[in-house]
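A short worksheet on the structure shown next.
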Amino acid sequence: MKSKIKKTTSLVVTILALAVLILIAINTGSIKVTPAQLFSGLFIKYDPQVATIYDLRLPRIFIAITAGAATAVSGVLLQAVMKNPLADPGIIGVSSGASLVAVIVTAYLPSLYMTIPFLAMLGGLISFFIVYTLSWDKGLSPLRIMLVGVAVNSCLTGIMSAFSTIGGSTYSGAASIVNGNITLKTWSDFKMLIVYVLIGLVAAIFMARSCNLMGLEDKTARSVGVNVTRNRIIISVIAVLLASVSTAVIGPISFLGLIVPHIARLLVGSDHKILIPYSIVLGAFVLLLADIIGRTIASPYEISASVVMAVVGGPFFIILLRKSRQK
C-alpha cells in the first residue's frame, strides 16, 4: 500500500512540477504574461505579447517536452532489452547515426525535409546494428557494447560535424541538429515530431509487459512461452524510433536516456507498466529544465540543452559506472 501511495504521489508531483515549469519557461525572457493573460490571448482575443510567445516560445517548449519524453523512454527500453543499466541512445551510437542522416538530408536534400524522422530512424537502426554486430563475441557483454558504442558514436559524430561544416547556406539548420539546439524550431518541427513520438510512446506502453519479461534469463522467459528474440527486436526498434526522431529534430541529447530511467526506478520501481508512463513525464521535465537553465544561466547568451545535460550527465555516468564495476 505504501509503495502504491509513493508511486502515485511521485507521478502527481512530477506532473504538477512540469506544469509549473511550463509557466516558468513561458515567462523566461523579456516578455512576461500572467496565466490569465496567456489564456485570454490564446483563446479569447488577440494579444501581441501572447502572439509573440505563441510563435517563438511555445514551439520550443512543446518540442523540449516531446523530445525529452521520447529520449527518456528510449533509454528505458534499451536498458530493458540489453539488460544493461548503462545503455543510452547517445552512448551506444543510435543518436549519432540518426543525427548523421538528419544533417545530410538537411544540408543536401532539403526537399526530403518532412521525411527526416523516418530516414533518421533508418540511420539509427543501422548504427544500432553495427554496434550489436561488432560487440558480438559468443554473446553480448554490456561493457563491450558500451565501448564499441562509444567508438562508433565518436566516429559518426566526427563525420556529422564535417558534413555540417561544409553545408554552405544550410549550415545553421544542420548545426542546430549537431549542437542539440531548440532555439530555431517552429510549429512545423513540432508537428513533424509529435506524430512519430506518439506512435512510439503508445507502442512502448503496449510492450511494457514484454520489457518486464526481458528482465528474466532467456531460458526462463522461453520456458513460459515468450519469444525472446522477437520481443527483443520489437522493443529495440521502438527504442531506436523514439531516439532517432527526437535526434532528427533537436539533435543528440547526451545522458538524458541514462539519467531519467535511473531516477524513475528510484521513485516508482522497475515495473515497466508504471516506469514507462512516469519516464514520459520525468523526461519531459528534465529536458525542459535543461533548456530553461541554458537560456538563463548566461543570459542574454544561450547554452544549448545538450551542453547542460552533458555537464550534469557526465558525473552521473561516472557514478553509475563505478557502482556497476563494484557489483
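The values are calculated or read from the model by the stated rules, or taken from the named source; none is laboratory data. Just so you know, these numbers come straight off a predicted model, no measurement behind them. Cβ sites come from the backbone with ideal geometry, for glycine too, and all protein chains shown count toward neighbours. SASA here: full protein model, heavy atoms, side chains in, ligands and nucleic acids out. Shrake-Rupley method; radii C 1.70, N 1.55, O 1.52, S 1.80 Å.
Per-structure values
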{"read-out": "Test: residue in region 161-177 that is closer than 20 Å to I92 by Cβ, surrounded by fewer than 18 Cβ atoms within 10 Å (Cβ to Cβ) and at pLDDT below 80", "value": "yes"}
{"read-out": "When residues of region 216-250 are limited to those that are polar (S, T, N, Q) and surrounded by fewer than 24 Cβ atoms within 10 Å (Cβ to Cβ), the one farthest from G314 (Cα to Cα)", "value": "S223"}
{"read-out": "Residue in region 67-88 that is among the charged types (D, E, K, R), open to solvent by less than 10 Å² (accessible area, probe 1.4 Å) and either under 16 Å from the mean Cα position of the chain (by Cα) or under 30 Å from R232 (Cα atoms) (or both) present", "value": "yes"}
{"read-out": "Hey, S306 open to solvent by 60 Å² or more (accessible area, probe 1.4 Å) and either of a type in the set (G, A, S) or modelled with pLDDT of 90 or more (or both) or not", "value": "no"}
{"read-out": "Number of the exception - I253 against (1) β-branched (V, I, T); (2) buried (at least 24 other Cβ atoms within 10 Å of the Cβ); (3) part of a helix (DSSP H, G or I)", "value": "(3)"}
{"read-out": "Filter result for the condition that a residue is in contact (Cβ under 8 Å) with a residue 12 or more places away in the chain and within 10 Å of the chain's Cα centre (by Cα), over A243, A248, A264", "value": "A243"}
{"read-out": "Which listed residue, of G75, G68, is in contact (Cβ under 8 Å) with a residue 60 or more places away in the chain and in contact with an Asp or Glu (Cβ under 7 Å, 6 or more places away or on another chain)", "value": "G75"}
{"read-out": "Top-ranked residue in region 256-303 [being basic (K, R) and out of contact with any Asp or Glu (no Cβ under 9 Å at 6 or more places or on another chain); ranked as least open to solvent (accessible area, probe 1.4 Å)]", "value": "R265"}
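Residues checked against (1) closer than 21 Å to I292 by Cβ; (2) surrounded by 14 or more Cβ atoms within 10 Å (Cβ to Cβ):
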site	(1), (2)
V13	yes, no
L16	yes, no
T28	yes, yes
S40	no, yes
F43	no, no
P48	no, no
